[in-house]
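The values are calculated or read from the model by the stated rules, or taken from the named source; none is laboratory data. In this text the structure is predicted, and so the values were computed from the model without any measurement. Note that we place each Cβ from the backbone using ideal geometry, even for glycine, and neighbour counts take in every protein chain shown. Keep in mind that these areas ignore ligands, DNA and RNA; they rest on the heavy atoms of the full protein, side chains included. Shrake-Rupley method; radii C 1.70, N 1.55, O 1.52, S 1.80 Å.
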Amino acid sequence: MDLIHNLLNAIFIPSAFVALILFVPAYYFFKFLWFIKRSKCSDNVAGKVVLITGASSGIGENLAYEYARRGARLALVARREDRLLAVLDHARRLGSPDAIMIIADVSKVDDCERFIHHTLNHFGQLDHLVNNAGILQCKLFQDMSPKLSDLAPILDVNFWGSVYATHFAIPHLRKSRGKIVVISSAATWLPTPKMSFYNASKAALSNFFATLRAEFGSDIGITIVTPGIIESEMVHNQLLPEVDLSFPILSSASCAKAIVDSACRGDLYLMEPSWIRILVWIQMFCPALLEWWFHKFLVKPSTGAANKNG
């Protein structure tokens, strides 16, 4: 058996490399043509029912506004009633013909079942489920609380919250041949220091929904979004105080427009801004280089300052 594996290694790897060189240009040309076709046949969401979790700020808030401008009916879910009420009022003014808000915590399975049922009871259908709710804790792993169970909420919200909501929404999305939009992160592909549990939760999210896409086939469309650093409350409160980043920050409004465009086209993946994929390519082909850069510029300055202060 080992001999067979050695033979396959010797044959398949060089053959695959040559095939990729020949295949990739044709694939990207076909992909470009398919993109043009999908752009011309993009979904019209006017009158459709869109449920958005984490809708009280950041990307979720601006997704509500973007869908509202296009005439969608909205079910907005978040924990903060005052913030969610303000988003709801603005979405109605922007053009949503019918919008409701539901106070809920996506990390609780009962809450997820409740907001899906509430949406169906009010609108009678569900067309887009946008799994956007997420939280971030930015800290070196060695500096985290010894009680690692304190980190469970990151996975509960970022991963399980999307899983719960999707589980209850599936029968209704099948009926409408609807779509699921998953707000993951470029952190799925990048070993960004101080974000270990966040990165892990988003990697699990991307892999889970890619698997669901293979299971569902054409019954339910799934667009997995992997944004870079986007203007949001979470970024300003958690990321920027801990990580000195010189990357430009994209506005939530621009990101939200790209996400809705992508979902309506039926894209499998969206990376926004698109230049972030350069870092992903570096990670794929030269991982040691990217990890060295991250360690030198994002880890050493903070650990050095800590040691000096200590």
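Using the heavy atoms of the protein chains alone and a 1.4 angstrom probe, what is the accessible area of the chain per residue in square angstrom?
Solvent-accessible surface per residue comes out at 52 Å².
Mind checking Rg over Rh on region 41-114, alpha carbons, Kirkwood formula for Rh?
Computed over Cα atoms, the ratio is 0.98.
Just order 103-109, 207-213, 127-133, 220-226 by mean Cβ neighbour count inside 10 Å, highest at the front, would you?
127-133, 220-226, 103-109, 207-213
Tell me what the chain gives for mean residue ellipticity at 222 nm when only DSSP H runs of n ≥ 4 count, each as -39,500 (n - 2.57), the sum divided by the residue total, rounded to 500 deg cm²/dmol.
-17000 deg cm²/dmol
My understanding is that a pair violates if its Cα-Cα distance is over 24 Å; which of 139/296; 179/257; 202/257; 48/202; 147/194; 179/202 do that in this structure?
48/202
I need the phi-derived Karplus couplings for region 97-104: 6.51 cos²θ - 1.76 cosθ + 1.60, θ = phi - 60°, integer Hz, Gly and Pro marked x.
x, 7, 9, 10, 10, 9, 7, 7
Quick one: compute the contact order of the chain, relative version, from alpha carbon pairs under 8 angstrom and 6+ residues apart, as a percent.
17 percent
Round to a whole number: what % of the accessible area of region 170-212 belongs to carbon and sulfur, probe 1.4 Å?
For region 170-212, the apolar C and S fraction of the accessible surface comes to 63 percent.
State the Cα centre-to-centre distance between region 51-85 and region 135-190 in whole Å.
Region 51-85 and region 135-190 have Cα centres spaced 18 Å from each other.
For the chain, which DSSP H helices look membrane-span-like by this rule: Cα extent along the axis of 27 Å or more and mean Kyte-Doolittle of at least 0.5?
What comes out of the filter, once short or polar helices are dropped, is 2-40.
Please find, in a Gaussian network model of the chain (springs between Cα atoms separated by less than 10 Å), the residue of 23, 115, 159 whose mean-square fluctuation is greatest.
The residue that fluctuates most here is 23.
Considering the Cα positions of region 139-210, please state its Rg to one decimal place and its Dmax as a whole number of Å.
14.6, 48
Highest mean first, what order results for 166-179, 284-297 on Cβ atoms within 10 Å?
For the peptides 166-179, 284-297, the packing ranking is 166-179, 284-297.
In units of 2.2 N^0.38 Å, what is the alpha-carbon radius of gyration of the chain?
1.08
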